[in-house]
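As C-alpha cells, the structure follows; a few thoughts come after it.
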Amino acid sequence: MLPRVTAARYIDGFAVWLRFADGLEGVVELSGDLSGPIFEPLRDQALFSKVVLHPEIKTLVLPNGADLAPEFLHARLKGHAAA
C-alpha cells in the first residue's frame, strides 16, 4: 500500500510539515531535492511556499504542476534515502 499524505503545512524556507495515514508525521526539508527541469523553478522560495496537499492524489503538489511522490516523502521523513 502506498503511503498517503493526510495533512501538510508549509513551514519556512523549503520545509513542509507532513502527516501520513500510518501516523508518521514531522518536518521534511526539501531544498536539496529541488533539481532537474521541473523542480529548478521551485528553488524560488516564494513559489515553493505555495505548496499544497492535493485532495485526490494525497501528496504535495507545487504551483508549477510538479508533485512529490508520497513514497519519497515518507522515506525522507523516516530519514532514509529514497530509492
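The values are calculated or read from the model by the stated rules, or taken from the named source; none is laboratory data. Computed from a prediction, not measured in an experiment: that's the story for all the values here. Ligands, DNA and RNA are stripped out before the accessible areas are found, and what is left, the full protein with its side chains, is counted by its heavy atoms. Shrake-Rupley method; radii C 1.70, N 1.55, O 1.52, S 1.80 Å.
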- line: Counting only protein heavy atoms and rolling a 1.4 Å probe, one gets per residue an accessible area for the chain in Å² of 57
- prompt: Residue-wise, which Karplus ³J(HN,Hα) couplings in Hz belong to the stretch 61-75, taking 6.51 cos²θ - 1.76 cosθ + 1.60, θ = phi - 60°, and x for glycine or proline?
  reply: 10, 10, x, 8, x, 5, 10, 10, 4, x, 5, 5, 4, 4, 4
- request: Note down the relative contact order for the chain as a percent, whole number, built from C-alpha pairs under 8 angstrom at least six residues apart.
  value: 27
- request: Would you work out what percent of the accessible area of the stretch 17-83, with all protein chains in place, is carbon or sulfur (probe 1.4 Å)?
  value: 54
